[in-house]
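A.B. asks: Okay, here's the structure, questions in a sec.
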């Protein structure tokens, strides 16, 4: 198996930059331009920090490339890290949606190997399915316990994993 | 998760803007304004200067300005915690809502806690002891709670309290603490007076929640993974808490979004019946007299609490159950 270089699509990143900028502006502008009540100022400041954090996260994603190899997944960027498939000890696949009927949502994969930091990738990443499939195989081979939710989400992607469900 | 929160928070802004505009314009739609009723009173008393006074009052409340201009002034004032003047007493809305909002928050928080604690205990007991005496008693209480209107229960308790026990149940504190600064004595008095309103307002919510929790938990307890867990020898309590209960409490979490708006608007009729100094009766009065600033401020709080409640309940639901639903589709 050869290595594949994966990145978040530009369109997704720019949409996130736009959201972050809109949030920073909406929360920051009243703080700078108006005489705001101190309780509301606290709320706006919390919102400002949230969107600033989101902006930083988007920039981090912009400058990170993921290299999916036969033995590792390497996140190459400012906060880079490495996941070794043979030493994989954590796998969690979650589904989120902003709609009440839980449609049109996105997946988030969190994986980590012994002694290493977690890598979190969203389903908007090009080649997300390949990473999930490789991680699921590694989890199966290493006997990593998977939650009921993770198994259900894997099944919805057409990936079935043998082994015990995490009960403890 | 950060993506989720950011998208939801961003969605809140246009949602609240549209709601605030709709609320402000709809309250102002009926013919006349909040000065009309005051002038009618002056004319009835034979006041010759009533019409001149009307113009003065309209200028004072800003009613001589176009509606859109009043709306944007009201919205701009929100950042300064200045919601304009109320027509009822010619005082700033922020002063009027202060203590009432605090008392409403205390009363409704206590009601929510009462609903959750009582329904959780009874619901779990009824589901795990299906078709036993305890289950029948819980079901009976549930049906009674669902079928008796809150205001009727309030009236019955008022009557029984007065006639048989000589107690005055109305109000949220003893008369000597009204309009007095907060003190330990006032706190104790409020706590004592809270019991009846909390039971009255929380009765139907508790009954409904018991029924839903019992039904959900019974569904879960009959699933194969529970049978497997039992067969593997998992302790019953651990088995119950680990999965079935976690899935069955979804309605508790999903209801946060619906419960928070009640903090401001809910229990209006019960508050009127029990003479509770909460925001409900004031909102009713403001709507009747077309006090746009006061009514719109209350309704904006309801909207804010609704969207915050929805966000909290969705976040909690996502944390409780981050599974894709059958039929739901992900972006990629």
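A.B. asks: Rank B:70, B:212, B:45 by mean-square fluctuation in a GNM of chain B with C-alpha springs under 10 angstrom and give only the top-ranked residue.
C.D. replies: Residue with maximal mean-square fluctuation among B:70, B:212, B:45: B:45.
A.B. asks: In degrees from 0 to 90, rounded to the nearest 10, what is the angle of the helix A:128-142 Cα long axis to the longest principal axis of chain A?
C.D. replies: Once rounded, one gets 50 degrees.
A.B. asks: Still on this structure, I have one more. By how many degrees, between 0 and 90 and to the nearest 10, does the Cα long axis of helix B:279-288 differ from the longest principal axis of chain B?
C.D. replies: It works out to around 50 degrees.
A.B. asks: To make sure I understand, if each residue's beta carbon is the centre and we count other beta carbons within 10 Å, what order do B:195, B:27 fall in, fewest to most?
C.D. replies: Details: B:195 12, B:27 19.
Fewest-to-most ranking of B:195, B:27: B:195, B:27.
A.B. asks: Additional query: Which whole-number percentage describes the relative contact order of chain B, with Cα contacts under 8 Å and a sequence gap of 6 or more? Working shown, then result.
C.D. replies: Values: 347 pairs, mean separation 82.0, N = 332.
Result for chain B is 25 percent.
A.B. asks: Shifting gears a bit: Can you tell me the orientation of helix B:93-128 relative to chain B, as the angle in degrees between its alpha-carbon axis and the longest Cα principal axis, to the nearest 10?
C.D. replies: That helix lies at roughly 20 degrees to the long axis.
A.B. asks: Can you give the FRET efficiency to the nearest 0.05 for residue A:72 and residue A:49, using r as the Cβ-Cβ distance and R₀ = 35 Å? It would help to have the intermediate numbers written out before the result.
C.D. replies: Working: r = 34 Å, r/R0 = 0.98.
Efficiency, from the Cβ-Cβ distance: 0.55.
A.B. asks: Under 8 Å for C-alpha pairs, at least 6 residues apart: give me the relative contact order for the stretch A:42-168, rounded to a whole percent.
C.D. replies: Numbers: 183 pairs, mean separation 22.8, N = 127.
Contact order relative to length: 18 percent.
A.B. asks: Here is a follow-up. Please report Rg over Rh for the stretch B:101-143, where both radii come from the alpha carbon positions and Rh follows the Kirkwood definition.
C.D. replies: 1.20
A.B. asks: Under 10 Å, Cα contacts only: if you run a Gaussian network model on chain B, which one of B:99, B:192, B:41 comes out with the highest mean-square fluctuation?
C.D. replies: It is B:41.
A.B. asks: Ok, one more. Be a star and scan the stretch B:1-31 for residues whose amide nitrogen sits under 13 Å from the point 7 Å along the Cα-to-Cβ vector of residue A:26.
C.D. replies: Only B:5-19 pass the distance filter.
A.B. asks: With no solvent and one point on each alpha carbon, what is the Debye value of log10 I(q)/I(0) for the stretch A:65-156 at q = 0.17, 0.20, 0.26 Å⁻¹?
C.D. replies: Listed by q, the Debye log ratios stand at -0.70, -0.94, -1.46.
A.B. asks: Can you pull the one-decimal nm distance between simple spin-label points at residue B:308 and residue B:287, each 7 Å off the Cα toward Cβ?
C.D. replies: Going by the 7 Å Cα→Cβ label model, 2.2 nm.
A.B. asks: Contact order normalised by length for the stretch B:125-194, with contacts defined as Cα pairs under 8 Å and 6 or more residues apart; what percent is it?
C.D. replies: Working: 34 pairs, mean separation 13.2, N = 70.
Computed value for the stretch B:125-194: 19 percent relative contact order.
A.B. asks: Also: Would chain B count as rounded, prolate or oblate if I go by the C-alpha gyration tensor, calling it rounded below 1.5 in a/c and otherwise prolate when a/b exceeds b/c, oblate otherwise? Show your work: numbers first, answer last.
C.D. replies: Values: a/c = 2.89, a/b = 1.60, b/c = 1.81.
Here chain B falls in the oblate category.
A.B. asks: Among B:108, A:148, B:176, what is the fewest-to-most ranking by other Cβ atoms within 10 Å? Numbers along the way, then the final one.
C.D. replies: Values: B:108 27, A:148 16, B:176 9.
Sorted ascending by nearby Cβ count, the order is B:176, A:148, B:108.
A.B. asks: With a 10 Å Cβ neighbour count serving as the proxy for reagent exposure, in which order, fewest first, do A:51, B:79, B:140, B:301 appear? Present the calculation step by step, with values, prior to reporting the outcome.
C.D. replies: On the way: A:51 23, B:79 17, B:140 10, B:301 20.
Lowest to highest Cβ neighbour count: B:140, B:79, B:301, A:51.
A.B. asks: Expressed in nm², what is the orientationally averaged projection area of the convex hull enclosing the Cα positions of the protein assembly as shown? Intermediate values should be presented prior to the final figure.
C.D. replies: Values: hull surface 124.9 nm².
For the protein assembly as shown, the mean projected area of the Cα convex hull comes to 31.2 nm².
The numbers here are math on the coordinates, done by the rules we state, and not lab data. What you are looking at is a predicted structure, and each value in this text was computed from that prediction instead of being measured. Note that each Cβ is placed from the backbone with ideal geometry, even for glycine, and that neighbours are counted across all protein chains shown.
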